[in-house]
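The values are calculated or read from the model by the stated rules, or taken from the named source; none is laboratory data. Since we're looking at a predicted model, the values are computed, not measured. When we count neighbours, we look across all protein chains shown, and the Cβ atoms used for this are built from the backbone with ideal geometry, even at glycine. Accessible surface is based on the protein model in full, side chains and every heavy atom, while ligands, DNA and RNA are left aside. Shrake-Rupley method; radii C 1.70, N 1.55, O 1.52, S 1.80 Å.
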Amino acid sequence: MNNSVPLPGGFRASGVACGIKRDPAKLDLTLVVSDRPAAAAGVFTRNRVAAAPVRLSRTRVPSDQARAVVANSGNANACTGAAGLANARRMTDLVATGLGSPADAVLVCSTGVIGEPLPMARIELGIARALDSLSGEAGALERAARGIMTTDTVPKLVTRDAELDGTRIRVSGIAKGAAMIGPNMGTMLSFLLTDARIAAHELQGMLARAVERSFNCISVEGHTSTNDTVLALASGAAGAEALSGEAADRFAALLADACTELAQKIVRDAEGAKHFVTIDVVGMASEPDALRIAQTVAGSPLVKTAIYGADPNWGRFVSAAGYAGVPFDEMELRLWLNGTLLFERGAPVPFDARAVSERLRGERDVDLRLEFSLGTASCRWWTCDLTEEYVRLNADYHT
């Protein structure tokens with residue numbers, strides 16, 4: 001657990017238990033507040049079945065007047081009809097009243113079981129408690145991270161500091177997610193906070209680009225959820241002028257780096273997973289082609305089970321690339337597993353299968369590299385293996 005991650009200037013946070021989850025001691029409601037109107041941006045699920053909080057929040061970003069994010073865990077408020085949308089709006093109204101702000105300055109997220117109405121009486125009490133317990137101390141962000149956890153085993157936090165145009169700025173973030181992961185995000189939430197000053201429309205572009213190469217490049221089992229949301233808020237409390245030019249580019253890189261670390265933390269915490277897999281696809285004619293092959297290889301149950309079983313079965317990796325729908329000739333492909341060349345120019349190469357297997361079995365991190373001779377485009381994707389524990393957890397999941 002890392003509870004020392006500091007909040008950027010201008011923010012307070014809290015995480016409380018209000019009885020949504022079966023275990024009454026578990027935190028299940030999170031509130032993050034900017035003490036001044038903040039720039040806000042958001043990226044949301046591409047699932048056509050979008051939860052009520054997604055439908056509401058995406059009408060409120062980008063914005064230069066955001067004040068807060070309220071989120072609950074244990075109940076997704078998805079597929080709940082008009083009542084679900086009214087409940088999501090009620091959550092933002094309660095926070096807005098407590099802060100003395102307009103209701104549309106508050107964003108809302110939910111995560112958990114689909115198809116059940118929110119227990120609004122409990123949530124209303126929880127929001128009041130969360131407002132009362134807001135804090136700018138470092139531990140507050142860790143409690144906020146715990147308040148959005150479902151099957152996560154650890155809270156996920158990150159922080160970055162940099163000096164831009166002579167001003168020290170900070171980016172801190174939290175995320176949740178362990179299954180129903182991507183691509184195009186999964187059943188995951190992430191909130192990125194910064195004290196930098198930046199216009200909302202610029203922040204929206206930066207966040208969208210950051211998400212494309214981080215949260216949209218991870219998968220556990222390929223299930224795109226109904227509630228996926230990544231939000232970024234910039235309070236401007238660092239006191240500098242609005243970022244521009246090289247300073248804005250450096251901030252965008254800082255934001256992308258924070259998103260990448262949080263995305264990797266999600267895969268490392270994937271339900272039941274034993275291996276964290278990095279897939280590099282290089283030498284493609286275009287980036288979309290590279291992404292399509294990486295996503296297909298990452299999503300193959302046979303690839304995942306081969307890695308879990310420490311089986312260097314190169315045929316599974318090569319054939320998955322072959323059905324990705326991207327034109328190539330097998331003579332144009334070379335395949336490495338943990339630095340060992342397994343396949344080249346249409347045929348396997350001699351390798352020590354026992355040594356490769358032992359390394360797979362003994363190390364958590366796995367590197368899979370597919371090298372083509374079609375161009376200069378590349379991508380990196382993160383995934384995990386598929387285990388009996390994953391099946392058990394999801395067969396039993398209903399909170």
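Just a few scattered comments:
- Helix 200-212 axis, angle to the chain major axis (alpha carbon atoms, nearest 10°): 30
- Of all the options 112, 177, 100, the one that moves most in a Gaussian network model of the chain with Cα springs shorter than 10 angstrom is 100.
- Accessible area of the range 88-215 divided out per residue, in Å², using a probe of 1.4 angstrom: 35
- Most to least packed among 296-305, 321-330 [average Cβ atoms within 10 Å]: 296-305, 321-330
- Stretchable slack from residue 128 to residue 353, in nm (0.36 nm times residue separation minus alpha-carbon distance): 75.0 nm
- Helix 245-268 axis, angle to the chain major axis (alpha carbon atoms, nearest 10°): 70
- Residues of type aspartates and glutamates that residue 21 reaches as a straight line, Cα spacing below 17 Å, ignoring anything fewer than 8 places off in the same chain: 116, 124, 152, 396
- The accessible-area ordering, largest first, of the residues 382, 314 stands as 314, 382, per a 1.4 angstrom probe.
- Set against the labelled values (1) 68, 54, 48; (2) 69, 50, 36; (3) 70, 56, 43, Cα extents along the principal axes in Å computed from this structure falls on (2).
- Karplus-derived 3J(HN,Hα) values for the range 273-281, using 6.51 cos²θ - 1.76 cosθ + 1.60 with θ = phi - 60°, are 6, 10, 10, 9, 10, 9, 10, 10, 10 Hz; glycine and proline are entered as x.
- Tensor-based shape of the range 243-375 (alpha-carbon gyration tensor, a/c under 1.5 rounded, otherwise prolate or oblate): oblate
- Here the accessible area is traced with a 1.4 Å probe on the protein chains. For the chain, carbon and sulfur cover 49 percent of it.
- Direction-averaged projected area, Cα convex hull, the range 258-322: 5.1 nm², rounded to one decimal.
- Ranked order, 331, 120, 188 - accessible area, probe 1.4 Å, largest first: 331, 120, 188
- Accessible area of residue 316 in the full protein assembly, 1.4 Å probe (Å², nearest 10): 70
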